[in-house]
1. What Kirkwood hydrodynamic radius do you get for the chain when you take the inverse of the mean 1/r over all pairs of distinct Cα atoms, in Å?
2. Net charge within 11 Å of Ile51 by Cβ-Cβ distance, Lys/Arg positive one each and Asp/Glu negative one each, not counting Ile51 itself?
3. Grab the other residues whose beta carbon is less than 10 angstrom from that of Ala80, score K and R as +1, D and E as -1, and report the net.
4. Considering Cα pairs under 8 angstrom that are at least six residues apart, work out the relative contact order of the chain and quote it in whole percent.
5. Within straight cross-link reach of Lys104, meaning Cα distance under 22 Å, which lysines are found once same-chain residues fewer than 8 apart are removed?
6. For the chain, what is the mean residue ellipticity at 222 nm derived from helices alone (per DSSP H run of n ≥ 4: -39500 (n - 2.57); sum divided by total residues; nearest 500 deg cm²/dmol)?
7. Going by Cα centres, the range 100-122 and the range 46-74 are how many Å apart?
8. Beyond 17 Å, what share of the Cα-Cα pairs of the range 156-237 is found? Please give it as a whole percent.
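Bear in mind these aren't lab numbers, they're just calculated from the coordinates by the rules spelled out. Remember, it's a predicted structure, so these values are computed and weren't measured experimentally. Virtual Cβ from ideal backbone geometry, glycine too; neighbours counted across all protein chains shown.
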Amino acid sequence: MPDPSGEKPDPSVEKPDRQACETRLRKVQAEVDAAAQVAGRSPEEVTLLAISKTKPAALIQIFLDLGVRHFGENRVQEAAEKWPALRVGKQVDLHLVGPLQTNKVRQAIDVFDVIQTLDREKLARVLAKHKDADGFPKLYIQVNSGAEPQKSGVLVQDFPEFYALCIELGLTIDGLMSIPPLDEAAGPHFELLAELAAQYGLPNVSMGMSNDFPTAIALGATHVRVGTALFGQRDTP
Ligand SMILES: *Cc1c(COP(=O)(O)O)cnc(C)c1O
């Protein structure tokens, strides 16, 4: 499209490469479908969540144009700045996959369709206070299956008590999420999360990222969270 202002484009502003995005999307989607097929699962059982954290709206728009409707962000503020405009007129399903501070709960409820990171009692109590809000997000409990001190999530041994508390508070839990330790094989962590979800009758299991989503699908993931393999490397961590 010719630029009506007649100005030359600024070469320092990187123009998102549509073709590269489409190629990456087709490749990842094919890998998702293949992993599901190998596991004897229907590809429709697995939702590819495009993790668009740190990525600009213009790049996300390309994926929207390509038909992607399931996205994840890890910061409430960033999502609140990007998504209300991006999602106008579309059935977008937006997941929070990063830590949620209790003073951001109101905003998170307004912005997100799913909060995957319910990880502590204080947050459960604040969420419960807002429960009657229209369009209340679905909630997944984040499980710290590697018991890593620096990582969010409920420890496996604390899960039964935490789940019971959530139910007592009137919250509906729709699934589980985990981020396995970087320095261990992810398989046993995926297995554990899927087993825990099955044990509690929870339909959604969010696990697997760019490096290991086929393994996660083999072990029962319903949602894989893929950032880098779709959007390219992130400049900021
Ligand atoms: C960033 C992030 C991802 C995506 O990671 P990639 O390795 O870029 O695919 C998935 N899950 C969570 C919780 C994240 O923060």
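1. Details: mean 1/r = 0.0535 Å⁻¹.
Here the Kirkwood hydrodynamic radius works out to 18.7 Å.
2. Every neighbour counted, the sum reads +3.
3. Once positives and negatives cancel, what remains is -1.
4. On the way: 385 pairs, mean separation 45.8, N = 237.
Relative CO of the chain lands at 19 percent.
5. Cα-Cα hits under 22 Å: Lys53, Lys55, Lys82, Lys122, Lys129, Lys131, Lys138, Lys151.
6. Numbers: 9 runs with 90 residues, N = 237.
Only helices count here, giving -11000 deg cm²/dmol.
7. First find each Cα centre; the distance between them is then 20 Å.
8. On the way: 1692 of 3321 pairs.
Result for the distance tail: 51 percent.
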